[in-house]
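Colleague: Okay, handing you the structure first.
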Amino acid sequence: MSTPKKKKNEHAYSKDVPMITKATAPAKAILLGEHFVVYGTGAILCAVQKYTSVSVEARSTGVRVSSRYGCDEFASGDDPKNASRHHRPILQIANDLGRGADVTIDSEIPPGVGLGSSSACCVAGAGAMLNQNGQDVEDLALRAEKSVFDGVSGADTAACLRGGLIEFGARGARSFEHAGVSLVVALTGREHSTAETVAAVRQNKERDEDAFGAVCEQVGGLIGDARSALDASDLVSLGAHMSQNQKFLTDIGVSDPTIDRIVAAAQRTSYGAKLTGAGAGGCVIALVDDSNAAKTLGSVEDAGATAFRVETDCDGLRIS
Ligand code: PMV
């Protein structure tokens, strides 16, 4: 007897998904390597304790998405390009799975500042729709992220999914044993566009491939040294490498005067500081512990930032 052929978009697991599922994913900060990771140089990332939850109620047809950006209703199979960039990934996920769904997104992650609000939403959305964790979720979440901007490296998705500290590179993601770091996050007050910043860096690279290649090589060395610093729990060395990374980010044009001012203030009191994520606005992170966190919060606030302290999330995606 011949096996019946699977219809397009029919996933074996879709039959096992209960009526309502909820998944929660953490924000992330890039400790070293943003932008250069797009060109295959590694990056070190940390999931942090700010969260996005996505609840999914099964529907026979149509996709409804509700979030801090309002509520949108789509017919099943609608082109995700017609959805706002905030709701497009969810429609992409539902279409990929051939599912109808009523989706509610709750997020405490500040949007557009480099803390991975979009990646956390994609990971939680994919986790809730599949009601599982693992490689299928990562693939689905990354496709969803690419529906907004095709040029992402996948590093953010990997960090939000796995939690903890990870190194992301050409061969994928590897988790560190390290229990986690503590960061002061300082918001510049200006949202950024990852797509625009990545495009500007590409232009910079194309203007002088040799110079860009040389910086990539140095960042690669920095990441190797930072890996050893993390393995040895050496905050002084890790922080110094983060501050050095800021110089390279300035060289490729993704810092700005506000970031420079906040970074300079943070570097005076913390182990090290830099912009995180795409830059050109967004936020700065400073590596701290109990000995210097309060002072660093004070110094970045004096420099005009809104700031908070955040710890490493060790769990990554949680399904409930
Ligand atoms: O600012 P975010 O959270 O979108 O982070 C972007 C990080 C980049 O390295 C600039 C792009 C990427 O996909 O790795």
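Colleague: Using only helices, what value at 222 nm comes out for the chain when you add -39,500 (n - 2.57) per DSSP H run of length 4 or more and divide by the total residues, to the nearest 500 deg cm²/dmol? Please list the in-between numbers first.
Modeller: Numbers: 9 runs with 121 residues, N = 320.
Value at 222 nm, helices only, nearest 500: -12000 deg cm²/dmol.
Colleague: Could you give the distance between the Cα centres of the range 211-225 and the range 83-112, to the whole Å?
Modeller: For the range 211-225 versus the range 83-112, the Cα centre distance is 36 Å.
Colleague: Pick from Thr157, Thr52, Thr21 the residue whose mean-square fluctuation is largest in a GNM of the chain, springs joining Cα atoms under 10 Å.
Modeller: Looking only at Thr157, Thr52, Thr21, the largest GNM fluctuation is found for Thr21.
Colleague: Please list, ordered by chain and number, the residues whose modelled amide H lies under 5 Å from the amide H of Gly163; skip anything fewer than 5 residues away on the same chain.
Modeller: Distant-sequence amide H within range of Gly163: Gly316, Leu317.
Colleague: If you don't mind, another one. For the chain, find the longest principal axis of its Cα atoms and tell me its angle to the long axis of helix 117-130, 0 to 90°, nearest 10.
Modeller: 30 degrees
Colleague: Could you work out how far the C-alpha centroid of the range 37-80 sits from that of the range 170-197, in angstrom?
Modeller: 18 Å
Colleague: Now a separate question. Do the alpha carbons of any pairs in Lys50/Lys247; Lys81/Lys247; Lys28/Lys247; Lys50/Lys274; Lys28/Lys274; Lys81/Lys205 sit beyond 26 Å of each other, and which pairs? Don't jump to the answer; show the numbers that get you there.
Modeller: Numbers: Lys50/Lys247 28 Å; Lys81/Lys247 37 Å; Lys28/Lys247 21 Å; Lys50/Lys274 19 Å; Lys28/Lys274 15 Å; Lys81/Lys205 29 Å.
Lys50/Lys247; Lys81/Lys247; Lys81/Lys205, as the Cα separations exceed 26 Å there.
Colleague: What's the magnitude of the charge dipole for the range 43-134 around its Cα centre, counting Lys and Arg as +1 and Asp and Glu as -1 at the beta-carbon? Answer in Debye, nearest 20.
Modeller: Values: 8 positive and 9 negative charges, 35 e Å.
The calculated dipole for the range 43-134 is roughly 160 debye.
Colleague: May I ask you to list the trypsin sites (Lys or Arg not before Pro) in the range 88-171 that are in a DSSP loop and have at most 14 other Cβ atoms within 10 Å of their Cβ? Write down the numbers at each step before the final one.
Modeller: On the way: sites: Arg99, Arg143, Lys146, Arg162, Arg171; in loops: Arg99, Arg171.
Passing both the DSSP loop test and the Cβ count: Arg171.
Colleague: When the chain is modelled as a GNM with alpha-carbon springs shorter than 10 Å, which of Gln218, Gln92, Gln49 fluctuates the most?
Modeller: Gln218
Colleague: Provide the per-residue ³J(HN,Hα) series for the range 147-157, in order, calculated from phi with Karplus coefficients 6.51, -1.76, 1.60 and θ = phi - 60°, each as a whole number of Hz, with x at glycine and proline positions.
Modeller: 5, 8, 8, 5, x, 6, 7, x, 5, 5, 4
Colleague: So how far, in whole Å, is the C-alpha centre of the range 276-320 from the one of the range 127-147?
Modeller: 27 Å
Colleague: Tell me the net charge near Glu301. Cut-off is 15 Å between Cβ atoms, Glu301 excluded, with +1 for each Lys or Arg and -1 for each Asp or Glu.
Modeller: On the way: positive: Arg261, Arg268, Lys295, Arg309; negative: Asp302.
Once all neighbours under 15 Å are counted, the net charge is +3.
Colleague: Relative to the compact-globule scaling 2.2 N^0.38 Å, provide the ratio for the alpha-carbon radius of gyration of the chain.
Modeller: Values: Rg = 19.9 Å, N = 320, 2.2 N^0.38 = 19.7 Å.
Cα-based Rg divided by the globular estimate yields 1.01.
Colleague: Normalised by the number of residues in the range 182-311, what is the relative contact order in percent for Cα pairs under 8 Å and 6+ residues apart?
Modeller: Numbers: 209 pairs, mean separation 53.8, N = 130.
Here the relative contact order equals 41 percent.
Colleague: Could you work out which residue, out of Asp251, Asp208, Asp289, moves most in a Gaussian network model of the chain, that is, has the largest mean-square fluctuation with Cα springs under 10 Å?
Modeller: With Cα springs under 10 Å in the chain, the top fluctuation among Asp251, Asp208, Asp289 is at Asp208.
Colleague: I want the local charge near Gly100. Using Cβ-Cβ distances under 12 Å, sum +1 for each Lys or Arg and -1 for each Asp or Glu among the other residues.
Modeller: Working: positive: Arg59, Arg64, Arg99; negative: Glu57, Glu73, Asp78, Asp102.
Result for the neighbourhood of Gly100: -1.
Colleague: Next question, about the same structure. For the chain, what is the relative contact order in percent, using Cα pairs closer than 8 Å and at least 6 residues apart in sequence?
Modeller: Working: 723 pairs, mean separation 76.7, N = 320.
Value for the chain: 24 percent.
Colleague: Using the Karplus curve 6.51 cos²θ - 1.76 cosθ + 1.60 with θ = phi - 60°, work out ³J(HN,Hα) for each residue of the range 268-285 in order, rounded to whole Hz, and write x for Gly and Pro.
Modeller: Each residue of the range 268-285 in turn: 5, 10, 10, 6, x, 8, 6, 5, 9, x, 6, x, 6, x, x, 9, 10, 10 Hz.
Colleague: Here is a follow-up. Once Lys and Arg get +1 and Asp and Glu get -1 on their Cβ, which of Ser255, Val236, Gly189 lies farthest toward the positive end of the dipole of the range 182-311?
Modeller: Gly189
Colleague: Under 14 Å from the Cβ of Val236, count the other residues' Cβ atoms, weight Lys and Arg +1, Asp and Glu -1, and hand me the total. All intermediate terms of the calculation are to be shown ahead of the outcome.
Modeller: On the way: positive: none; negative: Asp225, Asp234, Asp289.
With Lys, Arg at +1 and Asp, Glu at -1, the neighbours total -3.
Colleague: So, one more: Can you tell me the accessible area per residue over the chain, all protein chains present, probe 1.4 angstrom, in square angstrom? Display every interim value, and only then the final one.
Modeller: Working: 13840 Å² over 320 residues.
With the other protein chains kept in place, the chain gives 43 Å² per residue.
Colleague: Compute the Cα gyration tensor for the range 182-311, then decide on rounded, prolate or oblate, letting a ≥ b ≥ c be the square roots of its eigenvalues: rounded whenever a/c is under 1.5, prolate when a/b is larger than b/c in the other cases, and oblate in all that remain. Don't jump to the answer; show the numbers that get you there.
Modeller: On the way: a/c = 2.43, a/b = 1.28, b/c = 1.90.
Oblate shape, in that a/c is at least 1.5 and b/c is the bigger or equal ratio.
Colleague: Roughly speaking, to the nearest percent, how much of the chain's 1.4 Å accessible area is carbon and sulfur?
Modeller: Details: 6580 of 13840 Å².
Carbon with sulfur: 48 percent of the solvent-accessible area.
The values are calculated or read from the model by the stated rules, or taken from the named source; none is laboratory data. This is a predicted model, so every value here is computed, not measured. Quick reminder, even Gly has a Cβ in these numbers, built from the backbone with ideal geometry, and neighbours come from all protein chains shown. Please note that ligands, DNA and RNA were not included when accessible areas were found on the heavy atoms of the full protein model with its side chains. Shrake-Rupley method; radii C 1.70, N 1.55, O 1.52, S 1.80 Å.
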